[in-house]
Amino acid sequence: MPCSLSDFYVQLPKVELHAHLNGSLSPATMRELVERKKATKPELANFRIPDSLEMESFFPLFKFIYQLTDDVESVRIAARNVIDEFARDGVKYLELRSTPRKNEETGMTKRTYLDAVLSVIEEPRQDIVVKFIISIDRRNTLEEAQEVVDLALDFRSRGIVAIDLCGDVHTGSFENLRPAFERAQANRFPVTLHFNEIKENMVEAPTLLSIRPNRLGHATYLDDYCRKTIYKENIPVEICMTSNLLCKTASTYEEHHIRELLNDKHPFILCTDDKGVFFSDLSNEYKLAGEAFKLTHEELFEISLRSIDAIFSDEKTKNGLKQQWFAWREDFK
Ligand code: 6MZ
């Protein structure tokens with residue numbers, strides 16, 4: 001596919017399937033929210049996202065970010081800005097994810113948090129389709145995880161399409177939370193799990209795979225058993241290259257574990273993870289993958305097109321998106 005445009009990566013229609021709401025706040029949104037909070041929390045103005053991270057320093061960052069989104073109006077602003085930014089970056093279908101949070105001072109409950117995000121997702125727009133994945137945090141107790149499933153059931157008709165397991169890779173255990181995931185599955189919710197993001201997580205891989213997840217996040221470290229199972233069950237992998245590089249679970253883009261998936265033609269989806277914290281939009285992730293693996297524009301188009309098969313939506317939505325992709329390719333020739 002010839003391309004004379006320098007912004008091919010932005011123009012390329014894309015789907016984003018692994019984006020944490022609070023990790024996706026751009027610097028501009030953070031500034032806007034700091035401004036809203038300046039009367040009550042002036043110290044927030046001094047915070048800067050560091051440009052060098054480790055897994056250990058990554059999760060504590062959210063202690064700061066969560067102070068910016070501790071009331072429903074801020075959550076609404078955050079969600080709207082994040083969706084606008086993805087749309088401007090050429091994302092046509094987005095599955096945004098988040099763990100509902102409460103704050104006693106502002107009166108925000110998990111329910112009003114979720115309502116705030118979903119009310120933004122429901123705003124009619126032509127440029128992007130947005131769905132929501134509700135996240136269970138590894139730090140959650142089983143009771144809290146079941147509360148997330150209750151919320152998913154109550155709010156299902158407002159665009160909740162799946163359940164996710166996320167959170168600090170050094171804490172918690174999936175085994176404790178398993179009954180909540182099984183209940184979600186019994187209620188026909190697909191499941192995506194953060195999987196083997198660090199080597200130490202590999203011990204729980206057989207348990208995670210035993211619930212037959214529909215997608216996996218990262219899947220950075222794969223032993224023979226994991227690779228065979230994932231390939232046999234054809235489980236798509238949500239790939240977040242910059243996130244892995246900055247958190248130092250991949251040493252270079254060229255050596256990123258997407259290389260094996262590409263060679264083995266296993267389905268994967270390029271995603272951002274936390275575009276605000278990692279300063280990388282989805283168009284940039286496509287550019288980085290293209291450069292690292294010498295992919296042509298046609299190959300990148302195919303990667304984007306194939307990602308549609310992994311979305312948590314019905315065949316009609318998938319077919320509609322594919323038509324949109326083909327129409328774009330015709331225009332672009
Ligand atoms: C695991 C991650 C993550 O839910 O408050 N999160 N969990 N691995 C990662 N890789 C780097 N990046 C983000 O968004 C922020 C939350 O998403 C999870 C963490 O639980 C973080 O607190 P929400 O919108």
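Each row is one residue, and each column tells you yes or no for (1) out of contact with any Phe, Trp or Tyr (no Cβ under 9 Å at 6 or more places or on another chain); (2) surrounded by fewer than 15 Cβ atoms within 10 Å (Cβ to Cβ).
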| position | (1), (2) |
| --- | --- |
| Arg101 | no, no |
| Gly159 | no, no |
| Ala162 | no, no |
| His170 | no, yes |
| Ser173 | yes, yes |
| Leu177 | yes, no |
| Asn187 | yes, yes |
| Leu193 | no, no |
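All of Glu260, Glu291, Glu255, Glu302 fail the test of being of a type in the set (Asp, Glu), surrounded by fewer than 17 Cβ atoms within 10 Å (Cβ to Cβ), outside any helix (DSSP H, G or I) and more than 16 Å from the ligand (Cβ to nearest atom), apart from Glu255. Taken over segment 310-333, the criterion of being at pLDDT 95 or above, hydrophobic (A, V, I, L, M, F, W, C) and more than 19 Å from Phe132 (Cβ to Cβ) is satisfied by Trp325, Phe326, Ala327, Trp328.
Being farther than 19 Å from Leu270 by Cα and assigned to a loop (DSSP other than H, G, I, E, B) is the filter here; which residues of segment 220-235 pass it? Across segment 220-235, the qualifying residues are Asp223, Glu233. Residues in segment 32-76 that are within 13 Å of Val277 (Cα to Cα) and away from the ligand (no atom under 12 Å from the Cβ): Phe47, Arg48, Ile49, Pro50, Asp51, Ser52. The set of residues in segment 196-222 being under 20 Å from the mean Cα position of the chain (by Cα), within 21 Å of Ala162 (Cα to Cα) and not hydrophobic (A, V, I, L, M, F, W, C) consists of Asn196, Glu197, Arg212, Pro213, Asn214, Arg215, Gly217, His218.
Got at least one residue in segment 265-284 being under 24 Å from Asp89 (Cβ atoms), modelled with pLDDT under 95 and among the β-branched types (Val, Ile, Thr)? Yes, some residue in segment 265-284 is under 24 Å from Asp89 (Cβ atoms), modelled with pLDDT under 95 and among the β-branched types (Val, Ile, Thr).
Against the numbered list (1) surrounded by 24 or more Cβ atoms within 10 Å (Cβ to Cβ); (2) not in a strand (DSSP E or B), Glu238 comes up short only at (2). Take Arg88 and tell me if it is more than 12 Å from the ligand (Cβ to nearest atom), surrounded by fewer than 16 Cβ atoms within 10 Å (Cβ to Cβ) and either touching a residue at least 60 places away in the same chain (Cβ under 8 Å) or charged (D, E, K, R) (or both). Considered against the rule, which asks whether it is more than 12 Å from the ligand (Cβ to nearest atom), surrounded by fewer than 16 Cβ atoms within 10 Å (Cβ to Cβ) and either touching a residue at least 60 places away in the same chain (Cβ under 8 Å) or charged (D, E, K, R) (or both), Arg88 comes out as yes. Among the helices (runs of 4 or more DSSP H) confined to segment 128-219, the ones with at least 3 residues that are free of Cβ contacts under 8 Å to residues at least 12 places away in the same chain and more than 28 Å from Leu261 (Cα to Cα) are located at 142-155.
Just to check your reading of the model, which residue among Phe312, Phe268 is buried (at least 18 other Cβ atoms within 10 Å of the Cβ), free of Cβ contacts under 8 Å to residues at least 60 places away in the same chain and closer than 21 Å to Ala219 by Cβ? Criteria check complete, one pass: Phe268.
Checking each residue in segment 112-148 for being more than 16 Å from the ligand (Cβ to nearest atom) and not polar (S, T, N, Q) picks out Glu122, Glu123, Pro124, Arg125, Asp127, Ile128, Val129, Leu142, Glu143. Taken over segment 161-195, the criterion of being under 18 Å from Ala310 (Cβ atoms) and either in contact with a helix residue (DSSP H, G or I) (Cβ under 8 Å, 6 or more places away or on another chain) or within 16 Å of the ligand (Cβ to nearest atom) (or both) is satisfied by Val161, Ala162, Ile163, Asp164, Leu165, Cys166, Phe189, Val191, Thr192, Leu193, His194, Phe195.
Give the residue that is surrounded by the most Cβ atoms within 10 Å (Cβ to Cβ), with candidates limited to residues of segment 13-64 that are of a type in the set (Val, Ile, Thr), over 30 Å from Ala327 (Cβ atoms) and in contact (Cβ under 8 Å) with a residue 60 or more places away in the chain. Residue satisfying both the conditions and the ranking: Thr29.
The values are calculated or read from the model by the stated rules, or taken from the named source; none is laboratory data. It should be emphasised that the depicted structure is a prediction, and the values quoted were computed from it without experimental measurement. Glycine also receives a Cβ, built like all others from the backbone with ideal geometry; neighbour counts cover every protein chain displayed.
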